[in-house]
1. Would the stretch 454-474 turn up any residue that is β-branched (V, I, T), more than 21 Å from P44 (Cα to Cα), out of contact with any strand residue (DSSP E or B) (no Cβ under 6 Å at 6 or more places or on another chain) and at pLDDT 95 or above?
2. Condition first: loosely packed, with under 12 Cβ neighbours inside 10 Å and modelled with pLDDT of 90 or more. Now tell me which residues in the stretch 354-375 satisfy that.
3. Only one of S91, S19 is small (G, A, S) and at pLDDT below 95; which?
4. Here are L496, L487, L536, L451: which of them is among the hydrophobic types (A, V, I, L, M, F, W, C), out of contact with any Ser or Thr (no Cβ under 6 Å at 6 or more places or on another chain) and at positive phi?
5. Test of understanding: among L264, L295, L276, L191, which residue is among the hydrophobic types (A, V, I, L, M, F, W, C) and more than 19 Å from L319 (Cβ to Cβ)?
6. Whether any residue in the stretch 287-307 is within 15 Å of the chain's Cα centre (by Cα), surrounded by 17 or more Cβ atoms within 10 Å (Cβ to Cβ) and either in contact (Cβ under 8 Å) with a residue 24 or more places away in the chain or closer than 23 Å to L201 by Cβ (or both) is what I want to check.
7. Considering each residue of the stretch 16-58, count those that are aliphatic (A, V, I, L, M) and assigned to a loop (DSSP other than H, G, I, E, B), and give that number.
8. For the condition under 16 Å from P367 (Cβ atoms) and not aromatic (F, W, Y), what is the one hit in L315, L262, L289, L276?
Amino acid sequence: MEMERPALLSEPSRGFWPSLWPWLILAVVLILAGAIRLRLLNVPLERDEGEYAYLGQLLLQAIPPYELVYSMKLPGTGFVYMLGMALFGQSTAGIHLTLLVANSLTTVFVFLLGRQLAGCLAGLVAAASYGVMSASPAVAGLAAHATHFVVLFAVPATSLLLKPAEPKRPALLFASGLLFGLAFLMKQQGLCFGLFAAVFLSCRAWRSRTLFTASFFKTISMFAAGLALPVALTCAALASVGEFGRLWFWTVSYARLYEGSLTLRQGLHEHLLQHLQQTRDVSIGFWILAIAGLLAAWRLKRLRPAMLFSLGFWLFSFLGAAAGLYFRGHYFILVLPAFAILLGLAVAALREIMPVKILPDVFKSLPLIAFGIILAWMVFYYAPLFFQWPADKVGQQLYRQEPFAEAVAAAALIREHSAPSARLAVIGSEPEIYFYARRHSATGYIYTYPLMEDQPYARVMQQEMAREIESAQPEYLVQVPYALSWLQQPHSSRYLADWFEDYAGKFYQKVGTVGFLPGGRLATSWGLTATNAPALAGEFITIFQRRR
């Protein structure tokens, strides 16, 4: 992965217009990709977004992470949500507007990195690829997942990594490490990008025969200091408010159990293969183009270093997506910048190897035309979602059998009938209800998934959740019995279910229901009407109020 500066950086074009046209095309890409997201700002939050939104809301109230939100994820994305909500408001639209800004910035960074590696055309192809693919339902791209914010920092960090040559400009290496550290703070998978950087720096030092020298030690120390700084400051801040123990338990002790729960066979056959099958129709053209381009780049001495670098970047990105072997759709957002850059490199390489004696302009245009057709096919494939369906229908299509629309209505009932100081407990894995209701949780267990898993803490977690609710005596309990909100397994303990039936029966009364009628209309009922509510089509949310 060693790369010399001449192979990385193309010389800037001379003159005003030649310098401006790539930025004009990039602006068009940003406008078109942004228009898709702007139209769908009000798609209901899914539960991961609900977690980050609730955490961001608490941070705006100066309540530290892990006090009311138990999560195995590092808190960086919560801080980004906090900033976004401070700027754009505590709403679904405000959160998705934050994602739009972050996605646009990442697209610009992908362009800059692609341009560094193989020129303006490669950068523009990479930016267009990322702008469209990162909105794809195949990667849950319309939801503001943490992986969007991981790459927001990882891509410019990688660009900075290419600029300094050892041992010069150590400040840039520190800045690169700092950005990689922020990527890790967004979500643990971000560490894979930092590992890629360490391998790249080591390979570069080995090629220059400075690997075991004082200059390399200085270089790697500056980089490591930047990498460690965000997490070190976060740990110190949480220790100062007494939350370091929970941080360690959830992000290390429990996360280690969670990530090790699948076998290699389960991960590859039940998760990765399934994802590849589901995305085959829209991705196969990109893969064919990328492979053909890599073969072409190998033949070109000028582009070979860029190809090796991009492959290494993709490999470590894929390791991030493979964390825990779950291969969830939004994990592949981590791979998209590297894959987009490979596509840009492929188009640039294929253009160079095209025959030039006969109709050179025609032949050299073929790779770009092929890319345009492949990209247009993806846009056409998702056209109803991107351009036609209203936000509520998009939510229904993306999140079938999930209670995300019901969560909005249930939270609205609670906000309407309770004081801002009222507390509630959601019995299920729907933290978005806390965010919508703008009410504090009576327990830090905003997910019930960990309580259902085959892990040694499960029953203890169920007991602790019950004790926290009993101690807080919340005004409302929100029962979400949807199967996908629990993922109950045959071996799951029944303690929490039995406890809830007994506790709610003694101290609470049913006051509200939210669910869909057989005709597909969302229905809500409150008070006396809740007892005689019309028959609902399937699963529904029930709200209980504490007896006075």
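1. We begin by selecting, within the stretch 454-474, every residue β-branched (V, I, T); these are 460, 469.
With more than 21 Å from P44 (Cα to Cα) added as a condition, the list becomes 460, 469.
Then keep just the ones that are out of contact with any strand residue (DSSP E or B) (no Cβ under 6 Å at 6 or more places or on another chain); that gives 460.
Remaining after also requiring at pLDDT 95 or above: 460.
Yes, the stretch 454-474 has at least one match.
2. The first filter runs over the stretch 354-375 and keeps only residues loosely packed, with under 12 Cβ neighbours inside 10 Å, leaving 355-362, 369, 373.
I369, I373, listed by residue number.
3. S19
4. Numbers: L496 fails: at positive phi; L536 fails: at positive phi; L451 fails: at positive phi.
Of the residues listed, the single one that is among the hydrophobic types (A, V, I, L, M, F, W, C), out of contact with any Ser or Thr (no Cβ under 6 Å at 6 or more places or on another chain) and at positive phi is L487.
5. Working: L264 fails: more than 19 Å from L319 (Cβ to Cβ); L276 fails: more than 19 Å from L319 (Cβ to Cβ); L191 fails: more than 19 Å from L319 (Cβ to Cβ).
Result of the check over L264, L295, L276, L191: L295.
6. There is no residue in the stretch 287-307 that is within 15 Å of the chain's Cα centre (by Cα), surrounded by 17 or more Cβ atoms within 10 Å (Cβ to Cβ) and either in contact (Cβ under 8 Å) with a residue 24 or more places away in the chain or closer than 23 Å to L201 by Cβ (or both).
7. Of all residues in the stretch 16-58, those aliphatic (A, V, I, L, M) come to 20, 24-33, 35-36, 38, 40-41, 43, 45, 53, 55, 58.
Now restrict to residues that are assigned to a loop (DSSP other than H, G, I, E, B): 40-41, 43, 45.
So the answer is 4.
8. Details: L315 fails: under 16 Å from P367 (Cβ atoms); L262 fails: under 16 Å from P367 (Cβ atoms); L276 fails: under 16 Å from P367 (Cβ atoms).
Checking each option against the conditions leaves just L289.
The values are calculated or read from the model by the stated rules, or taken from the named source; none is laboratory data. Since the structure is predicted, the reported quantities are computational estimates derived from the model, not experimental observations. When we count neighbours, we look across all protein chains shown, and the Cβ atoms used for this are built from the backbone with ideal geometry, even at glycine.
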